[in-house]
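Q: One structure coming up, written as structure tokens, with questions to follow.
The values are calculated or read from the model by the stated rules, or taken from the named source; none is laboratory data. None of these values were measured; they are calculated from a predicted model. Glycine gets a Cβ as well: all are built from the backbone with ideal geometry, and neighbour counts include every protein chain shown.
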Amino acid sequence: MSSQVRPRIVAMCVMAFALTVVPNVRAQTRSAMPDSVRAYLDSALQIMHKVLGADTVDWDALRDSLYQRAEGAVRPVDAYRSIRWALRTLNPHSFLQLSSELRERERARTPESEANTSASTGARRVYSPFSNERVPAAELLALADGQVGRLRVPAFSGAQLTAFADTLESLVRELDSADVCGWIVDLRGNGGGNMWPMLAGLGPILGEGKLGEFHGPDGLTGTWYYENGASGIRPRDGEVNENARVSGEPYRVLGTPPVAVLFDGGTASSGEAVAIAFIGRENTRSFGVPSYGFTTANNGFRLPDQANIVLTVGVDADRHGRAYPTALQPDVIVPITDGELPEMPPPGIDPQERAALAWLAEQASCGR
């Protein structure tokens, strides 16, 4: 996919839910429904059916339940809640994406408490004390025989892909110029968004070439790459899509210095995809606790009013083809505290960072 008009792929998790058959509702519900709503629901179902295939779901049962839940809708906006239900039934991280205009239109027609419920993806919430961090950050951490560059990589979404990639790469450049002997890439609390500018900005550390794969129902659908300042996907069939690129001459880190990757239960979706991109890289080890578990690939499909059905279509895999349908497990489990999670990041060097630093200190480039 390019960053122009094609739908984004982001990283999430595949689960199946049983559908409840609702008999004898199809005819009575459809007859009382305006044609505009009926056509809108049918267009949503057609997208789901075309993408997922005829044999994956009991489509008659899903259709009947969807129409029953949309009973009383007089305009397409009234049907958003029922479409969200159908998407959650198919997969817990498929969802309906609305523009600000469509969100306001829905709020104007729906009681606030009901709107808040209907807007939810239905997914469980895993807390991380790092989830509120939004700005990439860099820090030098001292070892006995050198120093380490620590990169904080938060979630990112929006249109400023190049700016975010540039920010990350400039931090890599700044730390590398201080002659660091290794790296900590901190993905804790990174709930996702758009993986491509993250990969483009971290490319000098990740290294050139293949970083991961997407697997669909029929196997490999495409590979992720970083090359010469750009990240993107090479579909199994079709042209290569460049999705993000740094604006200047790409920076290059010499060799393959050791990297410690940190993630936690708040690392999800594209944050998990970035963690997967480091799996299989030489001199790399991960620390923390299991990730959220939205390690899947999603595509966006437009409805007639430009609402966007974001539908799970595949599973993330690493550069060697190993798929991750559930939460990532770090190489070294390290809780951040002995008890409940703190509301804010702990001050100073926390236990997960301490474990990463201890491993880095044992690597040849850092003096051992």
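Q: When only residues in segment 169-184 that are of a type in the set (Asp, Glu) and buried (at least 16 other Cβ atoms within 10 Å of the Cβ) count, which is farthest from Val274 (Cα to Cα)?
A: Going residue by residue through segment 169-184, those that are of a type in the set (Asp, Glu) are 169, 174, 176, 179.
Filter again for buried (at least 16 other Cβ atoms within 10 Å of the Cβ), leaving 169, 176.
Values: Glu169: 15, Asp176: 20 Å.
Across segment 169-184, the extreme among qualifying residues is Asp176.
Q: Starting from segment 352-368, keep only residues that are under 28 Å from Leu341 (Cβ atoms), then list their pairs with residues that are assigned to a helix (DSSP H, G or I) and modelled with pLDDT of 95 or more whose Cβ atoms are within a distance under 8 Å, requiring at least 6 positions of separation or different chains.
A: Hits for this filter: zero, empty list.
Q: Select from segment 246-258 the residues that are more than 16 Å from Gly209 (Cβ to Cβ) and either surrounded by 14 or more Cβ atoms within 10 Å (Cβ to Cβ) or of a type in the set (S, T, N, Q) (or both) and list them in ascending order.
A: So the first thing to find is which residues in segment 246-258 are more than 16 Å from Gly209 (Cβ to Cβ), and the list is 246-249, 251, 254, 257-258.
If the condition is that a residue be more than 16 Å from Gly209 (Cβ to Cβ) and either surrounded by 14 or more Cβ atoms within 10 Å (Cβ to Cβ) or of a type in the set (S, T, N, Q) (or both), then Val246, Ser247, Tyr251, Pro257, Pro258 are the ones that fit.
Q: When you scan segment 203-216, do you find a residue that is within 22 Å of Val135 (Cβ to Cβ) and in contact with a Ser or Thr (Cβ under 8 Å, 6 or more places away or on another chain), even just one? Walk me through how you get there before you give the answer.
A: Filtering segment 203-216 for residues within 22 Å of Val135 (Cβ to Cβ) gives 203-206.
Checking which are in contact with a Ser or Thr (Cβ under 8 Å, 6 or more places away or on another chain) leaves us with 203.
Yes: one or more hits.
Q: Under 6 Å between Cβ atoms, at least 6 apart or on separate chains: pull out the pairs that start in segment 241-268 with a residue that is over 30 Å from Pro92 (Cβ atoms) and end on any residue that is of a type outside the set (Phe, Trp, Tyr) and at pLDDT below 95.
A: Once the first residue is over 30 Å from Pro92 (Cβ atoms) and sits in segment 241-268, its partners that are of a type outside the set (Phe, Trp, Tyr) and at pLDDT below 95 give Pro257/Ser365.
Q: Considering (1) assigned to a loop (DSSP other than H, G, I, E, B); (2) in contact with a helix residue (DSSP H, G or I) (Cβ under 9 Å, 6 or more places away or on another chain); (3) among the aliphatic types (A, V, I, L, M), say which one Val313 fails and leave the rest.
A: Looking at each condition in turn, Val313 falls short on (1).
Q: So the check is Cβ under 8 Å with 6+ separation or different chains; which pairs have a first residue in segment 121-141 that's at negative phi and at pLDDT below 95 and a second one that's among the aromatic types (Phe, Trp, Tyr) and surrounded by 13 or more Cβ atoms within 10 Å (Cβ to Cβ)?
A: Taking only residues 6 or more apart or on different chains, the pairs are Thr121/Phe95; Ala123/Phe294; Val126/Tyr292.
Q: Another one. So for segment 204-225 (the condition being more than 20 Å from Val313 (Cα to Cα), buried (at least 24 other Cβ atoms within 10 Å of the Cβ) and in contact with a Leu (Cβ under 6 Å, 6 or more places away or on another chain)), does at least one residue qualify?
A: No, segment 204-225 has no match at all.
Q: Something else now. When you scan segment 262-273, do you find a residue that is buried (at least 21 other Cβ atoms within 10 Å of the Cβ), at pLDDT 95 or above, of a type in the set (Val, Ile, Thr) and not in a loop (DSSP other than H, G, I, E, B), even just one?
A: Within segment 262-273 (the criterion being buried (at least 21 other Cβ atoms within 10 Å of the Cβ), at pLDDT 95 or above, of a type in the set (Val, Ile, Thr) and not in a loop (DSSP other than H, G, I, E, B)), the answer is no, since none of the residues qualifies.
Q: Which ones in segment 328-352 are buried (at least 20 other Cβ atoms within 10 Å of the Cβ) and under 22 Å from the mean Cα position of the chain (by Cα)?
A: Leu328, Pro330
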